[in-house]
1. Sorting MET203, MET1, MET20, MET158 on the 10 Å Cβ count, fewest up front, what's the list?
2. Quick check for me: using +1 on Lys/Arg Cβ and -1 on Asp/Glu Cβ, what's the dipole size of the range 1-67 about its Cα centre, in debye to the nearest 20?
3. How would you order 235-241, 72-78, 128-134 from highest to lowest mean count of nearby Cβ atoms within 10 Å?
4. Neighbour counts of other C-beta atoms within 10 Å: give me LEU5, LEU150 arranged from fewest to most.
5. List the lysines whose Cα sits under 21 Å from the Cα of LYS104, skipping any in the same chain fewer than 8 residues away.
6. Anyone know which of SER96, SER229, SER135 comes out most mobile in the 10 Å Cα GNM of the chain?
7. For VAL35 and LYS164, what does the FRET efficiency come to when R0 = 30 Å and r is the distance between their Cβ atoms, rounded to the nearest 0.05?
8. Please sort by residue number the GluC sites (Glu not before Pro) in the range 48-128 whose DSSP state is loop and whose Cβ has at most 14 other Cβ atoms within 10 Å.
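Throughout, read-outs are computed from the coordinates displayed, never taken from laboratory work. Keep in mind the model is a prediction, meaning the values are calculated, not measured. Positions of Cβ are generated from backbone atoms using ideal geometry, with glycine treated the same way; all protein chains shown enter the neighbour counts.
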Amino acid sequence: MKLVLLADGVVGAKIAGFLMEKYPSDLALIVTTQVNEIYCEANTKGFPVHVFDSEKNILNRLGEGVDLGILAWWPKILKIPLLDAPKLGFLNTHPSLLPHNRGKHYNFWALVEQVPFGVTIHRVDSGVDTGDIVSQATIGYDWCDTGGTLYNKAQSAMFDLFCKSYPVLRKGKWDLKPQNVSLGSFHRAAELEDASKIDLDGMYRARDLLNLLRARTFEGYPGCWFEESGERYEISLKIRKVN
């Protein structure tokens, strides 16, 4: 197996570290978004590594004979011909239980829409998170969870799922499950701000309002918001279970 890994963030760093330790001979090229922790570790250990500058340059570095591409928390959308360069195509690590919550802010929308949550490895196609599913893991949640806790759970579960799946992935023969996107949902990043606004004179079921408030609760990030007399206010919510 000759693998090109495009990795970013905490999950990307963990996956890169796992592959460098357990399957070093598989790594034909590691691509990063900048000179970061992943780049420095790969460079220090003598792995071929490249900071993403253009798809053309990545193609030139790959040459011939790459079997598989992995997007590990990769923030950029790839285009043809790079997308078609590996013989087996690219696989993406997506932090939702597809087809639910394709696109952005999966942790927020899972709580707002009250749909199953989890992580998925899927084939990359021309759509956004629409490719056939290779493997998945479900993550349970309850009233004590917030957007922040689901984000953290997804990071941990995604790394675990990749480690369990890779011995099968590197063989190149997978059981694929087509997605029925009509059963799920898709959200753009631009939707989050308006979806987080509280109408002070609006009518809400208590359940829906509590879900909205906790969905936007994420330490270090803005919460839900409302306006009064020209002033903007933010609100977050944490629920504690009492036995």
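1. On the way: MET203 7, MET1 16, MET20 19, MET158 26.
If I rank by nearby Cβ atoms, fewest first, I get MET203, MET1, MET20, MET158.
2. Details: 6 positive and 9 negative charges, 18 e Å.
Roughly 80 debye, rounded to the nearest 20.
3. Details: 235-241: 12.4, 72-78: 17.1, 128-134: 18.9.
Per-residue Cβ counts within 10 Å, averaged per peptide and sorted highest first, yield 128-134, 72-78, 235-241.
4. Values: LEU5 26, LEU150 23.
Listed from fewest to most nearby Cβ atoms, that is LEU150, LEU5.
5. Here the lysines satisfying the reach criterion relative to LYS104 are LYS76, LYS79, LYS153, LYS197.
6. Of SER96, SER229, SER135, the most mobile in the Gaussian network model is SER229.
7. On the way: r = 31 Å, r/R0 = 1.02.
Calculated transfer efficiency: 0.45.
8. Numbers: sites: GLU55, GLU64, GLU113; in loops: GLU64.
Passing both the DSSP loop test and the Cβ count: GLU64.
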